[in-house]
Amino acid sequence: MRTNYIQNPDNVRCSVAEDEVGRMVRFQSLILPKINNPYGTPDGWGEIGTYVALDAGRRGIGPLRFADSVAAARDAGIKKIEASIGRDNPLGIAYYEATGFKTHELTDTLDRKCFVVSQ
C-alpha cells in the first residue's frame, strides 16, 4: 500500500479512515497517471482506488472521503476521475454509481467508470 499508493510519484491524495479501535476501515487513493500508464487511464484523467472493510460499509465514511478526493482533483486541475471496478464486485460498482460515476467502458472483467469533476 505504501509503495503503490502513498509513495507513488503520481499520487494526488490518499485518505484513510479508522474505526474506534484504530483499525483501517477505508482507504482511498487518487493518482494522476502518466501517458501510456498501466491502468489504461486516459491522459489527464485521475485514477481512483477505494478499499472498504466488508463490515464497515454504510457508515457514511465513503462520501466524506470521496469529497476529499474530489477537492484534491479540483486543486490539481483534474477534470475527470476514472474508477476500474471488477465486474464481479457489485458492492464496488454500487458505491461508485452512488457517488456519481457513470460507465464509460465495459470489458470482460472491468466496469470502467468516469466522474466529471465540476470546476
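In the chain, Cα pairs under 8 Å separated by at least six residues give a relative contact order of 20 percent.
Placing a pseudo-label 7 Å from each Cα along the Cα-to-Cβ vector at Ala71 and Arg2 gives an inter-label distance of 2.7 nm.
Calculated from the structure at hand, volume of the Cα convex hull per residue in Å³ is found among (1) 108; (2) 247; (3) 202 as (1).
Run the helix sum for the chain: -39,500 (n - 2.57) per DSSP H stretch of 4+ residues, divided by residue count, reported at 222 nm to the nearest 500 deg cm²/dmol.
So the calculated ellipticity at 222 nm is -6500 deg cm²/dmol.
Each reported figure results from applying straightforward, stated rules to the coordinates on display, with no laboratory input. A quick note: this is a predicted structure, and the numbers were derived from the prediction, not measured. All Cβ positions, even for glycine, are placed from backbone atoms using ideal geometry, and neighbour counts span all protein chains on display.
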